[in-house]
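One structure is given here, and the rest of the page talks about it.
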Amino acid sequence: MDVKSFFVEYFGYVPQIMAKSPGRINLIGEHTDYNLGFVLPAAIDKAAYVAVARREDQLIRLFAKDLGEEYQVDLNLLPTIPGHWSAYILGVVDQMRKMGKLNSGFDLVLTCDVPTGAGMSSSAAVECATAFALNALFDLQLERLDLVRMAQKAENEFVGVKCGIMDMFASVMGKDAQVIQLDCRDLSYQFFPLNLGGYKIVLFDTGVKHSLAGGEYNLRRQQCEQGVAVLKERFPEVNSLRDANLPMLDEQFRSAVSSTVYNRCLYVIEENIRLEQGCALLLQNNIKGFGDKMYGSHKGLSELYEVSCKELDFLVDLSKQEDAIAGARMMGGGFGGCTINLIESSAIESIHEKFSKQYQSAMGRELAMYVMVPSEGSQLIKFD
Ligand code: GLA
């Protein structure tokens, strides 16, 4: 059944608008977005789907099909319940209301096949699908980039995660078979076709659910800001870690900050360099060379940025032993979720089988695998 049938079944009438917005992968460039650096994400073929219809009154009725839960609220009294699924929808409603754009309630059904807590940005998918659908329902005439910013603000202000712009940007702007090289400082971007030769993008899911709202994410952001404040005293042109370079992290800087802040800054500057070098390698079809950058990224995330966990490290170590794997690293915010791997197509099944056994005996968990294809971003769904 699709989201339209779910809506008809639940509310008993036909929705006016339906939209979908995908999750994302990120090849390299992690924790760089809120430091105004570079990222290399792509939208995926798993998405959040919403169907909506206007109401005459001020009531908002939400139904999360996958959970079988309904949530009702008055448009003028939006509550935040930390960790509740409704926050990702109501955060967007809150933004639209603040713009004075919403004048009535609505009914909404949500269904989503992006795994949650796996680092594929199910939250951005829900926010962007909601923004896309309500934009059409209330004829708000907002551009795609406005919707990207709105969804990010919803997450920052309503959900309380001070995330960067990568997830929403990839979800809304993604294109079939392309990755996006995005500069988070000025939002300039370019698509490039992903020619991976005989390799495919494969995610291994640790099964450890991460929770960005857990505070560690926001803490990383603060530590980077502390580093920027110290750098700025000597280098006034530095407004973010994007403006900093390795020579600036000299002895004077090292003695002015904690070793933690030093390591966070070092990681971010190095990751931006890795991404630029990695893109050049991809353009030369040097997949092994790009894979080495992925391993470098993981090492930095694990040792300097400290956002990995033992399950992620274990899987990346396994990948390093396989000739058929060009590179691997943890993906997304960290503390769980998936590793992203570039694996030769013919070896994918046998490697999954082998890793599953090793992972099961070391960690006592199943190892889910997803083979990913870069896909189209947010879209309205046509009625049949
Ligand atoms: C999460 C955030 C993103 C980004 C990544 C790490 O997915 O939502 O903005 O910071 O973590 O790269």
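Quick notes on this one:
- Filtered residues of the stretch 25-69 (kept if part of a strand (DSSP E or B) and charged (D, E, K, R)): Asp45, Lys46, Arg54, Arg61, Glu69
- From Leu102, Leu110, Leu147, residue being over 21 Å from the mean Cα position of the chain (by Cα) and either surrounded by 18 or more Cβ atoms within 10 Å (Cβ to Cβ) or under 30 Å from Gly12 (Cβ atoms) (or both): Leu102
- Scan of the stretch 1-34 for residues that are within 16 Å of the ligand (Cβ to nearest atom) and in contact with an Asp or Glu (Cβ under 9 Å, 6 or more places away or on another chain), ordered by number: Ser21, Pro22, Gly23, Arg24, Asn26, Ile28, Gly29, Glu30, His31, Thr32, Asp33
- Condition met for Asp317 (out of contact with any helix residue (DSSP H, G or I) (no Cβ under 7 Å at 6 or more places or on another chain), assigned to a loop (DSSP other than H, G, I, E, B) and free of Cβ contacts under 8 Å to residues at least 24 places away in the same chain): no
- Arg264 vs. criteria part of a helix (DSSP H, G or I), within 14 Å of the ligand (Cβ to nearest atom) and among the basic types (Lys, Arg): yes
- Pairing residues of the stretch 83-106 that are over 17 Å from Ala129 (Cα atoms) and small (Gly, Ala, Ser) with residues that are modelled with pLDDT under 95 and assigned to a helix (DSSP H, G or I), at Cβ distances under 8 Å and at least 6 apart in sequence or on separate chains, gives Gly83/Ala213.
- Count - residues of the stretch 169-207 that are over 24 Å from Val371 (Cβ atoms) and within 13 Å of the ligand (Cβ to nearest atom): 1
- Of the criteria (1) touching a Phe, Trp or Tyr at 6+ places or on another chain (Cβ under 6 Å); (2) not in a helix (DSSP H, G or I), which one Glu306 fails: (1)
- When Phe158 is tested against the conditions (1) outside any helix (DSSP H, G or I); (2) out of contact with any His (no Cβ under 9 Å at 6 or more places or on another chain); (3) within 16 Å of the ligand (Cβ to nearest atom); (4) modelled with pLDDT under 95, the lone failure is (1).
- Residue within the stretch 138-146 that is farther than 28 Å from Ile269 by Cβ and in a helix (DSSP H, G or I) present: yes
The values are calculated or read from the model by the stated rules, or taken from the named source; none is laboratory data. Here the structure is a predicted model, which is why all the values come from computation and not from measurement. Ideal geometry is used to build each Cβ from the backbone, glycine not excepted, and the neighbour counts take in all protein chains shown.
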